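Please read the structure below before turning to the comments.
What follows is calculated from the coordinates using simple rules that are stated; it is not laboratory data. The structure displayed is predicted, hence computed values, not measured ones. Please note: Cβ atoms are built from the backbone with ideal geometry, for glycine as well, and neighbour counts cover all protein chains shown.
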């Protein structure tokens, strides 16, 4: 359908890729991956006909229709959203108008006349084409796509210019999906989508009847939508069968094979060179030397690509907070006549990693702002726990930076005890390399400044992190560094992200925001979906009890001989980890009580004895509570055995 042969492209003096041979088939399902600046978007533009090749050629099948969606920058105005999407079917609407005119003509003509027969023949052809184009269902198609991409029915009649840049890109994506080109080229299509719209797009692409090639930094999205990974790496393009996880496995195998071949070749080269050098001047060995010189000249040298460094950065751990970090009681929030929340109550405990989910506009960012204290409550009570220190990363965090400072100098000022090498490694993880680190913050784009602000905050994290879209503007490598750092973080995290993989691996609880309510789900995103689909009906867990959510029924203790109750294996693992944490805490408390009792036995004064007695009483209360919780957890675990 589309073929690239010996294709190469430069950006200025920099070679992006070379010697690319790629036949795009009518059912292609490909994902383009590679580091930032390797040429992914450029290659997509070449395929869309918006850029030309510097080397090689590209040919396309006659009559092919190619649709291209850039990362951003598309805007429309002058029509309502629904009418704008209907404009895709302008030729079908013309057919509909023609059919109406032909029907009117036939009603006025003599059925037995020649002119009637001509009009009837044209009506039949037009009607067949109209039906083939699914003309009677185009309005339903538009409605389905708009709903899938998150547009409410009341938005359909709003003017397109009323929508922000992210929603403008959704309109552009909707039009492209409705056009159904033979080859769909999508550059970061999920950038402006929430999880619900992203899930819908995954399903839509799964049943798409033509070919598509897409760029995405969301590995889960790639895993469920593509059957081939095309990687631009080291100025070459490599092909892998399967989704992103398969690609990682195959790439590791390919590298291992290449390294083994390189080692064998180097061993052979060394043997040949050693023989030549040893016997070069011996006449009796001249024939053998010449033979080995020719063999050496014929060897096509294997080149090892530069090693991709895996960066690990140890972020300092914060001071511990109290057990309850934050608590809402009957909180309400509104903007004018619009109610965002009403009667919301929940508690966030030390070590929680809470993912906020919900459609765009549901109130995720508002909830984070309430927790950060940058927005006031309408009614209700919000309390922070003992020793809690809040750090808030907003979507526009870059506005808080010193625009006159250079990136590396500013980071040094924030972490004077960290070496420059460590700081440059960290900046490299967040896509600042070489001379980028000497740029002034004021000349960076909004996305670059947000990336820098995130790296800067993680150098000295507080024990309660509030992160609003921290994965925006990050490639997969940077996301991995961020995820690893947050997984090792000992404090408490509340975050908003539309990256399914990121949520899946970080969240221990999910707060769903919808219809003015906040519903609490223990577990990660997969566990949340499992419960939403009815997998946990009337099966309350200890986590539900601890956060103050009343169970539907009391949790029954297992009886001898009774069948074990079924439980989600993800939840079982989390319960086992929770039991281990409680066991460790019980051991710590017992040791602390022993030390307090010994100190109390050595009398130094009435005031000190009173203080130690109070400490001992508190510790014994905590021990009793921890023991009670441990018994409940182990009881539930045993019930599944």
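Below is a table of values for the structure above.
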{"quantity": "Highest average packing first - 412-422, 95-105, 384-394, Cβ atoms within 10 Å", "calculated": "384-394, 95-105, 412-422"}
{"quantity": "Answer label, with volume of the Cα convex hull per residue in Å³ calculated from the coordinates and candidates (i) 311; (ii) 224; (iii) 148", "calculated": "(i)"}
{"quantity": "Inter-label distance, nm, simple model (7 Å from Cα along the C-beta direction), residue 339/residue 263", "calculated": "6.8"}
{"quantity": "Highest-first arrangement of 456-469, 108-121, where packing means the average Cβ count within 10 Å", "calculated": "456-469, 108-121"}
{"quantity": "Relative contact order of the chain, pairs being alpha-carbon contacts under 8 Å that are 6 or more residues apart, as %", "calculated": "12"}
{"quantity": "Estimated FRET transfer efficiency (residue 617, residue 414; beta-carbon r; R0 56 Å; 0.05)", "calculated": "0.85"}
{"quantity": "Highest to lowest packing among 18-26, 523-531, scored as the average C-beta count within 10 Å", "calculated": "523-531, 18-26"}
{"quantity": "Segment 324-527 - share of DSSP beta bridges that are antiparallel (%, nearest 5)", "calculated": "55"}
{"quantity": "Antiparallel bridge percentage (DSSP; both residues within the chain; nearest 5)", "calculated": "55"}
{"quantity": "Estimated [θ] at 222 nm from DSSP helical runs (n ≥ 4, -39500 (n - 2.57)) normalised by residues in the chain, nearest 500", "calculated": "-14500 deg cm²/dmol"}
{"quantity": "Cα→Cβ-extended label distance, 7 Å offset, between residue 155 and residue 19, nm", "calculated": "4.8"}
